[in-house]
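Here the structure comes first, spelled out in structure tokens, and everything after it is commentary.
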Amino acid sequence: MDVREALRARRSIRFFSDRQVPEDVIREIVQDAQRAPSWANAQPWKVYVETGEAAARTRRQHYQNVQRGLQGKSDLETGHRSDWGTMAYRNMRAWSGDLQSHLGHEDGIQFSESQARLFDAPALVYLTMHKGSPLWSIYDMGAFGQTLMLSAKDHGVDSMPAYEIVKYPQEIRRALSIPQDEDIVMGIGLGYADDRRINSFRSSRVPVDDILTLRS
């Protein structure tokens, strides 16, 4: 699979099957992601992965937390969608409407359920970086995460990047012995999509001329 194919084939999966991702495949995916660019080759990322029973425990605990109404508090500050700016907010609203139209009421219930269950992801990947890192490090981390997901697709593995996965960082820290001086920046579920309708949803993209300015 070439890069262009992987870009078009990858999509966010909201329910995974129970098929496990082999550890050697996970290692290869992370090794590929290390080719991502970073400021002066800083490589500010660290990667923690739960699979098997460890991932199952985290999914169960997360579900219980959600059912209890426990407030999440990720290491990175979150805000309202309107804080993202007019263009981004408009795109988010369009995405929400498209998803509701795709699913309908009954299947729409799956959306919240999938989040509470951490998408049934058999592998949970946590990306961290040192607390107080320069803001530019976020670009490096984003490049690493995208490279990881493209490599996963090349290996036939589906992915789901989500705030929900890092919603309760202190529990993640305890489970994986992540030092307090590392921010848990992002979570990515890895696995193989099941056949639920929610997984067939494809988000739209704005026309390229809406975002691109060329001068010659």
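The values are calculated or read from the model by the stated rules, or taken from the named source; none is laboratory data. Being a predicted model, the structure only gives us computed values, none of them experimental. Cβ atoms come from the backbone with ideal geometry, glycine included; neighbour counts cover every protein chain shown. Just so you know, the surface numbers come from the protein's heavy atoms only, side chains and all, with ligands and any DNA or RNA stripped out. Shrake-Rupley method; radii C 1.70, N 1.55, O 1.52, S 1.80 Å.
Looking at the chain as a GNM with Cα springs under 10 Å, which of S74, S82, S12 has the largest mean-square fluctuation? Sorting by GNM fluctuation, first place goes to S82.
For K167, the accessible area of its heavy atoms, probed at 1.4 Å with every protein chain present, is near 40 square angstrom. Of all lysines in the structure, those lying under 25 Å Cα to Cα from K131, and not within fewer than 8 positions of it along the same chain, are K46, K73, K167.
Measuring how big the chain is from its alpha-carbon positions, Rg and Dmax come out at 17.5, 58 Å. With a/c under 1.5 counting as rounded, go ahead and sort segment 106-180 into rounded, prolate or oblate using the C-alpha gyration tensor (a ≥ b ≥ c being the square roots of the eigenvalues; past the cut-off, prolate if a/b is larger than b/c, else oblate). It is oblate, given that a/c is not under 1.5 and a/b is not larger than b/c.
Compute the Rg to Rh ratio over segment 137-182 from the alpha carbon atoms, using the Kirkwood formula for Rh, and round to two decimal places. Each step should come with its number before you reach the end.
Numbers: Rg = 13.0 Å, Rh = 12.4 Å.
With Rh from the inverse mean 1/r over Cα pairs, Rg/Rh is 1.05.
Between L135 and D194, the simple spin-label model (points 7 angstrom out along Cα→Cβ) gives 4.2 nm.
Distances between every pair of Cα atoms in segment 69-157, grouped in 5 Å steps from 0 to the bin holding the largest one, split as 3, 9, 11, 16, 22, 24, 11, 3, 1 percent.
Using C-alpha pairs under 8 Å with a sequence gap of at least 6, the mean separation divided by the residue count of the chain gives a relative contact order of 39 percent. For segment 1-44, backbone nitrogen atoms closer than 19 Å to the point 7 Å from V208 Cα along Cα-to-C-beta are found at 2-10.
For the pair Q170 and T78, label points projected 7 Å from Cα toward Cβ lie 1.7 nm apart.
Rounded to the nearest percent, how much of the accessible area of segment 69-216 (1.4 Å probe, protein heavy atoms only) is carbon and sulfur? Its accessible area is 53 percent carbon and sulfur atoms.
Residues W39, W45, W95, W84, sorted by accessible area with the largest first, give W84, W39, W95, W45 [1.4 Å probe; ligands and nucleic acids excluded].
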